[in-house]
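Asker: Below you will find the structure I want to go over with you.
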Amino acid sequence: MATIEMTETSHQLSAREALENDPRLDFGFLINDISRGVRKAFDRKMVMLGLTRAQWHTLVYVIRLGQPTQTELAEALDVNRSSAGGLIDQLERSGFVSRKADPNDRRIWRIVATPLADRRADEIAECAESLMDDMFTNISGADLKVATKILLLMKGNIDV
């Protein structure tokens with residue numbers, strides 16, 4: 001039996017009632033819908049730059065991390081090393097990144113953003129900024145802080 005804590009009252013719901021009336025479930029679905037919508041919106045914008053979602057996501061992390069190893073990149077993207085390698089290969093063929101030997105350990109290759117990636121980083125940032133402007137229209141800074149606090153609490157509750 002699920003317990004739903006409301007602002008003024010608490011009550012017990014049957015499992016079926018929880019599926020039909022649980023605002024937490026609705027909130028979870030909403031988070032998923034927003035996440036999917038953001039991905040689709042970015043996809044529409046990134047296709048103009050010739051990048052897939054996975055590629056631009058990878059490229060952003062290469063830029064943020066500043067010459068990561070394939071392992072570091074895989075960890076940041078939450079994918080396995082092999083998947084990260086495939087994304088690196090795609091970006092390398094497109095001219096966005098290159099592999100450079102690590103000066104301290106010749107077994108390690110660093111993933112380096114190319115001048116093309118640096119030029120495109122501004123375009124990617126502009127697309128992201130435009131999407132965020134659209135998404136956060138009519139949302140105050142105070143509301144954003146509260147929403148962020150709630151989401152971080154939820155994240156902490158499910159992180160293992």
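Asker: Show me, for the range 45-58, the HN-Hα J-couplings you get by feeding each phi into the Karplus relation (A = 6.51, B = -1.76, C = 1.60, θ = phi - 60°), rounded to Hz, glycine and proline as x.
Answerer: Calculated HN-Hα couplings, in order: 6, 6, 4, 5, 9, x, 10, 7, 4, 4, 5, 5, 4, 5 Hz.
Asker: Across the range 25-160, how many lysine pairs separated by 8 or more positions, or lying on different chains, have Cα atoms within less than 30 Å?
Answerer: Going through the range 25-160 pair by pair, I get 8.
Asker: Continuing with this model, one more query. Check which residues have an amide H placed less than 5 Å from Arg110's amide H, if you skip close sequence neighbours.
Answerer: Lys100, Ala101, Asp102
Asker: Taking a quarter of the surface of the convex hull around the Cα atoms of the chain, what do you get in nm²?
Answerer: The Cα convex hull of the chain, projected and averaged over all directions, gives 13.2 nm².
Asker: If you don't mind, another one. Going by a ≥ b ≥ c, the root eigenvalues of the Cα gyration tensor, does the range 34-124 fall in the rounded group (a/c under 1.5), the prolate group (a/b larger than b/c) or the oblate group?
Answerer: prolate
Asker: Further question on the same structure: Which order, highest average first, do 141-153, 37-49, 82-94 follow once you tally other Cβ atoms within 10 Å for each residue and take the mean per peptide?
Answerer: Final packing ranking: 82-94, 37-49, 141-153.
Asker: Assuming R0 = 25 Å, can you tell me the calculated FRET efficiency for the pair Asp134 and Arg24, based on Cβ-Cβ distance, to the nearest 0.05?
Answerer: The computed FRET efficiency comes out at 0.35.
Asker: Let me ask you something else. Based solely on its DSSP helices, what 222 nm [θ] is calculated for the chain when runs of n ≥ 4 H residues each add -39,500 (n - 2.57) and the sum is averaged over all residues, nearest 500 deg cm²/dmol?
Answerer: The per-residue figure over the chain is -21000 deg cm²/dmol.
Asker: What list of ³J(HN,Hα) values in whole Hz, one per residue of the range 36-43 in order, does the Karplus curve 6.51 cos²θ - 1.76 cosθ + 1.60 (θ = phi - 60°) give from phi, with Gly and Pro shown as x?
Answerer: Ordered by residue, 3J(HN,Hα) equals 5, x, 5, 4, 5, 5, 5, 4 Hz.
Asker: Using θ = phi - 60° and the Karplus curve 6.51 cos²θ - 1.76 cosθ + 1.60, what whole-Hz ³J(HN,Hα) does each residue of the range 110-118 get, with Gly and Pro shown as x?
Answerer: 9, 9, 10, 5, 8, x, 4, 4, 4
Asker: Can I ask one more? Let me know the shape class of the range 109-160, please: from the alpha-carbon gyration tensor, a ≥ b ≥ c as square roots of the eigenvalues, rounded when a/c is under 1.5, otherwise prolate if a/b is greater than b/c, or oblate.
Answerer: Because a/c hits 1.5 or more and a/b fails to exceed b/c, the range 109-160 counts as oblate.
Asker: So, with +1 on the Cβ of K and R and -1 on the Cβ of D and E, and no other charges, what is the size of the charge dipole of the chain about its Cα centre, to the nearest 20 debye?
Answerer: In total the dipole reaches around 800 debye.
Asker: Taking only Cα atoms and a 10 Å spring cutoff, compute GNM fluctuations for the chain and point out the largest among Thr58, Thr137, Thr69.
Answerer: Result: Thr137 has the largest fluctuation of those listed.
Since every read-out is calculated from the coordinates, none of them should be taken as a lab result. Predicted model, so just to flag it, every value in this text is computed and none were measured. Cβ atoms come from the backbone with ideal geometry, glycine included; neighbour counts cover every protein chain shown.
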